[in-house]
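Shown next, in C-alpha cells, is the structure this report addresses.
The values are calculated or read from the model by the stated rules, or taken from the named source; none is laboratory data. Only a predicted model underlies this, so the values are computations on that prediction, with no experimental measurement involved. Backbone-built Cβ (ideal geometry, glycine too); neighbour counts: all protein chains shown. Please note that ligands, DNA and RNA were not included when accessible areas were found on the heavy atoms of the full protein model with its side chains. Shrake-Rupley method; radii C 1.70, N 1.55, O 1.52, S 1.80 Å.
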Amino acid sequence: MGKHIKAVRPYKFKNGMQFLNGAFESWRDSGGDWKNHCWQPRPLHYFFHRYAVPFRFRQSREEARLMFVSSSILKFTTYADYVRYEVVPMIWDCWPYLFDKVAEFLEKNHVRTAIFTSSMTAELMRKRFPEMNILSVPEGIGISPYSEGKPLRERSIDLVEFGRSNSKVLSKGFSGKNIVHKYSKNGEWVFPTNKELYEGLADSKVSLTFPRCDTHPETAGNIETLTQRYWECMLSRVVMVGRAPFELVNLIGYNPVVEVEGRSAEDIVLDVVRHPDAYQDIVDRNRDAALKYSGWNNRMKTIMDFLKNCGYEI
C-alpha cells in the first residue's frame with residue numbers, strides 16, 4: 001500500500017504568488033486531502049528562505065506531502081515538511097539560473113516524484129533524474145475573478161503592460177501617440193490590488209504578451225512556457241499582441257495572439273486602438289477557449305491520476 005498524499009496550503013502572500021493557492025484550492029475542491037502549513041515566525045522567514053535545515057527525521061511511512069512551490073522560495077515553502085515527510089513538489093518558474101538550486105533540493109531531499117508547469121523544464125529534469133517520476137502540467141488559473149468586460153470599443157484603457165517590461169521587443173515606443181497607456185512606473189505595480197487588476201483588464205483594449213524568453217532571455221534562456229498572463233488577457237477579452245508560447249497553442253488548438261512576426265508591435269497596437277471592432281471576434285473566441293481550458297480542475301484530475309499511477313493514495 002502506497003503513502004497517503006496530503007497537500008499543504010501555500011503561504012498566502014499579500015501580493016503575488018496567488019497562482020499557487022489556485023492550484024491548491026482545486027486539489028481541495030477535487031476531494032484531495034490537505035492541511036494548513038505551520039508557518040515559522042516572521043523573524044525566521046529570512047533564515048528558512050536562505051538556508052536548509054541541516055538534519056532530517058526519519059520519513060513517515062504513511063504520508064507524503066504535495067507542495068505547491070515557486071523555485072525562488074523552494075526551501076521556505078517546503079519547510080518543515082521536508083524534514084519529516086517525503087515531499088512531492090509542484091514547481092513554477094524553474095528558470096535556467098535556478099536549475100542547479102532546484103536539482104540540489106530534489107537530490108538532497110530524495111524527491112522521487114515532481115511536477116513542473118513548464119514542459120521544457122520537465123524534459124531537462126527527466127534527463128538529469130532519469131529515475132524520478134516527472135509530470136508537466138501547463139499553468140492554469142482561477143477563472144471566477146475575471147470578467148468579460150465591455151466590448152472593446154467601450155473600454156477606456158487603450159494599452160496595458162503589466163507583469164514585466166517589454167522594452168526588448170519594442171522598437172519605437174508609444175510617446176506622442178495619444179493613447180491611454182498603463183504601465184509600471186518607478187517600480188510600482190500597474191494595478192496595486194487584485195481587485196484593480198481584474199477591473200483594469202476588463203477595461204483594457206490591448207496588452208503586449210511575449211514569453212519571458214523573448215523579454216528577459218538573461219533569466220529564461222530558451223525556456224518557453226505558458227504563464228497566467230495569457231489566461232488573464234483571454235478571460236478579460238483583451239487583445240494580445242506579441243507571441244504565443246507553443247504550450248498555449250498546443251493546448252487550445254489555435255493561436256490566440258496577434259503575432260508580431262517581424263512587424264512593428266507598436267503599429268499593431270495602434271491598429272487595435274483605432275479599429276477595435278475588427279478584433280472583437282478574436283477576443284470573444286479567446287474567452288470561450290480560456291473558459292474551457294484555463295481552469296485548474298482538468299489539470300488536477302491529470303495530477304491525481306499521475307500520483308495514483310506512481311503508487312500514492314489520494
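For residue 45, work out the one condition from (1) open to solvent by less than 70 Å² (accessible area, probe 1.4 Å); (2) at pLDDT 80 or above; (3) not in a loop (DSSP other than H, G, I, E, B) it doesn't fulfil. Only one criterion is unmet by residue 45, namely (2). Output the residue which, of all residues in the range 199-226 that are β-branched (Val, Ile, Thr) and either modelled with pLDDT under 95 or in a strand (DSSP E or B) (or both), is surrounded by the fewest Cβ atoms within 10 Å (Cβ to Cβ). Per the stated criteria, the residue is 219. For first residues located in the range 189-211 and over 12 Å from residue 163 (Cβ atoms), partners that are assigned to a loop (DSSP other than H, G, I, E, B) and of a type in the set (Gly, Ala, Ser) and lie 6+ apart or on another chain with Cβ distances below 7 Å form the pairs 198/147; 202/147; 202/149; 202/236; 203/149; 203/156. In the set 196, 131, only one residue is of a type in the set (D, E, K, R) and assigned to a loop (DSSP other than H, G, I, E, B); that residue is 131. Tallying residues that are closer than 16 Å to residue 230 by Cβ and either touching a residue at least 60 places away in the same chain (Cβ under 8 Å) or open to solvent by less than 50 Å² (accessible area, probe 1.4 Å) (or both) within the range 243-264 yields 13.
Looking at the range 78-97, can you tell me whether even one residue there is small (Gly, Ala, Ser), in contact with a strand residue (DSSP E or B) (Cβ under 7 Å, 6 or more places away or on another chain) and open to solvent by less than 40 Å² (accessible area, probe 1.4 Å)? The answer is no; no qualifying residue exists.
Quick one: is residue 154 surrounded by fewer than 12 Cβ atoms within 10 Å (Cβ to Cβ), of a type in the set (Asp, Glu) and modelled with pLDDT under 90? No: the conditions fail for residue 154. The criterion of being open to solvent by 20 Å² or more (accessible area, probe 1.4 Å), of a type in the set (Phe, Trp, Tyr) and either under 17 Å from residue 294 (Cα atoms) or not in a strand (DSSP E or B) (or both) does not hold for residue 230. Of the residues that sit in the range 299-314 and are in a helix (DSSP H, G or I) and touching a residue at least 40 places away in the same chain (Cβ under 8 Å), which one is most open to solvent (accessible area, probe 1.4 Å)? Restricting to residues being in a helix (DSSP H, G or I) and touching a residue at least 40 places away in the same chain (Cβ under 8 Å), the top hit is 301. In the set (1) of a type outside the set (A, V, I, L, M, F, W, C); (2) buried (at least 16 other Cβ atoms within 10 Å of the Cβ); (3) closer than 20 Å to residue 264 by Cα; (4) in contact with a helix residue (DSSP H, G or I) (Cβ under 7 Å, 6 or more places away or on another chain), residue 165 fails one condition alone, (2).
Of all residues in the range 138-166, those satisfying the criterion of being assigned to a loop (DSSP other than H, G, I, E, B) and either in contact with a strand residue (DSSP E or B) (Cβ under 6 Å, 6 or more places away or on another chain) or among the hydroxyl-bearing types (Ser, Thr, Tyr) (or both) are 144, 146, 147, 155, 156, 161, 165, 166. Of all residues in the range 102-123, exactly one satisfies the criterion of being surrounded by fewer than 18 Cβ atoms within 10 Å (Cβ to Cβ) and among the hydrophobic types (A, V, I, L, M, F, W, C), namely 103. Note on the range 265-294: residues that are within 19 Å of residue 228 (Cα to Cα) and open to solvent by less than 20 Å² (accessible area, probe 1.4 Å) total 5. With respect to the stated conditions, residue 173 fails to be of a type in the set (Gly, Ala, Ser), closer than 27 Å to residue 137 by Cα and surrounded by fewer than 18 Cβ atoms within 10 Å (Cβ to Cβ). Is one or more of the residues making up the range 86-106 in contact with a Pro (Cβ under 8 Å, 6 or more places away or on another chain), touching a residue at least 40 places away in the same chain (Cβ under 8 Å) and part of a loop (DSSP other than H, G, I, E, B)? Checked the range 86-106: no residue is in contact with a Pro (Cβ under 8 Å, 6 or more places away or on another chain), touching a residue at least 40 places away in the same chain (Cβ under 8 Å) and part of a loop (DSSP other than H, G, I, E, B).
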